[in-house]
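Shown next, in structure tokens, is the structure this report addresses.
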């Protein structure tokens, strides 16, 4: 996955935006002001930190050496993925979507409705 593909995958989600609250080098991808991804897009190697279900996070880390506890983040809820090709791009995209979903799930109901977000197991209207 290239930096451009990572950026596009994050920004493809509803109401996602890129922000630079720390400095001009670190992209923070947010929905409704809440971070779901963090990456230094010009970093070598390219990495992204993503929110993760606390029960799934250790399983991913055990399965892929390129996935570790979130760098400078709560390691129970965040993973950092080195995008060196060892983690399939499809899985990285799924992890981005899961991170977004976890953040949106914590937003107030009226905001979730505005986003037309539907939790897993619920039906769309």
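Are any residues in region 1-32 assigned to a loop (DSSP other than H, G, I, E, B) and under 15 Å from residue 72 (Cβ atoms), and if so, which ones? If you could, list the steps in order and put the result at the bottom.
Step one: of region 1-32, the residues assigned to a loop (DSSP other than H, G, I, E, B) are 1-2, 12-15, 20-26, 32.
Of everything in region 1-32, those that are assigned to a loop (DSSP other than H, G, I, E, B) and under 15 Å from residue 72 (Cβ atoms) turn out to be 21, 22, 23, 25, 26.
May I ask you to say which residue of 60, 50 is in a strand (DSSP E or B), touching a residue at least 24 places away in the same chain (Cβ under 8 Å), surrounded by 13 or more Cβ atoms within 10 Å (Cβ to Cβ) and at negative phi?
Details: 60 fails: in a strand (DSSP E or B).
Going through 60, 50 in turn, just one is in a strand (DSSP E or B), touching a residue at least 24 places away in the same chain (Cβ under 8 Å), surrounded by 13 or more Cβ atoms within 10 Å (Cβ to Cβ) and at negative phi: 50.
Identify, please: which residue in region 4-31 is in contact (Cβ under 8 Å) with a residue 40 or more places away in the chain and surrounded by fewer than 17 Cβ atoms within 10 Å (Cβ to Cβ) and is, among those, nearest to residue 80 (Cα to Cα)?
5
Scan region 38-47 for residues that are surrounded by 11 or more Cβ atoms within 10 Å (Cβ to Cβ) and farther than 19 Å from residue 101 by Cβ and jot them down. Working first, answer last.
Narrowing region 38-47 to residues surrounded by 11 or more Cβ atoms within 10 Å (Cβ to Cβ): 38-41, 43, 46-47.
Matches in region 38-47: 40, 41, 43, 46, 47.
What about residue 35, is it buried (at least 16 other Cβ atoms within 10 Å of the Cβ) and part of a loop (DSSP other than H, G, I, E, B)? Give the derivation first.
Numbers: buried (at least 16 other Cβ atoms within 10 Å of the Cβ): yes; part of a loop (DSSP other than H, G, I, E, B): no.
So residue 35 fails the test.
If you check 110, 93, which single one turns out to be free of Cβ contacts under 8 Å to residues at least 12 places away in the same chain and in a helix (DSSP H, G or I)? Before the answer, list the steps.
Values: 93 fails: free of Cβ contacts under 8 Å to residues at least 12 places away in the same chain.
Within the list 110, 93, the selection yields 110.
Could you check region 43-59 and list, in sequence order, the residues that are farther than 20 Å from residue 77 by Cα and touching a helix residue (DSSP H, G or I) at 6+ places or on another chain (Cβ under 7 Å)? Let's see the steps before the verdict.
Let us first name the residues in region 43-59 that are farther than 20 Å from residue 77 by Cα, namely 43-46.
Once the filter is applied, which keeps residues that are farther than 20 Å from residue 77 by Cα and touching a helix residue (DSSP H, G or I) at 6+ places or on another chain (Cβ under 7 Å), region 43-59 yields only 46.
Criterion first (within 30 Å of residue 44 (Cβ to Cβ), assigned to a loop (DSSP other than H, G, I, E, B) and touching a residue at least 24 places away in the same chain (Cβ under 8 Å)) does residue 71 satisfy it? Talk me through it step by step, then tell me what you get.
Numbers: within 30 Å of residue 44 (Cβ to Cβ): yes; assigned to a loop (DSSP other than H, G, I, E, B): yes; touching a residue at least 24 places away in the same chain (Cβ under 8 Å): yes.
Against the criterion (within 30 Å of residue 44 (Cβ to Cβ), assigned to a loop (DSSP other than H, G, I, E, B) and touching a residue at least 24 places away in the same chain (Cβ under 8 Å)), residue 71 qualifies.
Here is a list of conditions, (1) at pLDDT 95 or above; (2) buried (at least 18 other Cβ atoms within 10 Å of the Cβ), and residue 91 meets all of them except one; can you say which number that is?
Just one mismatch for residue 91, condition (2).
So residue 80 ticks every box in (1) under 21 Å from residue 19 (Cα atoms); (2) in a helix (DSSP H, G or I); (3) in contact with a strand residue (DSSP E or B) (Cβ under 7 Å, 6 or more places away or on another chain); (4) at pLDDT 95 or above but one. Which box is left unticked?
Against the list (1) under 21 Å from residue 19 (Cα atoms); (2) in a helix (DSSP H, G or I); (3) in contact with a strand residue (DSSP E or B) (Cβ under 7 Å, 6 or more places away or on another chain); (4) at pLDDT 95 or above, residue 80 comes up short only on (2).
The values are calculated or read from the model by the stated rules, or taken from the named source; none is laboratory data. Owing to the predicted nature of the structure, the values given are computational and were not obtained by experimental measurement. Reconstructed Cβ throughout: ideal geometry from the backbone, glycine too, with neighbour counts over all protein chains shown.
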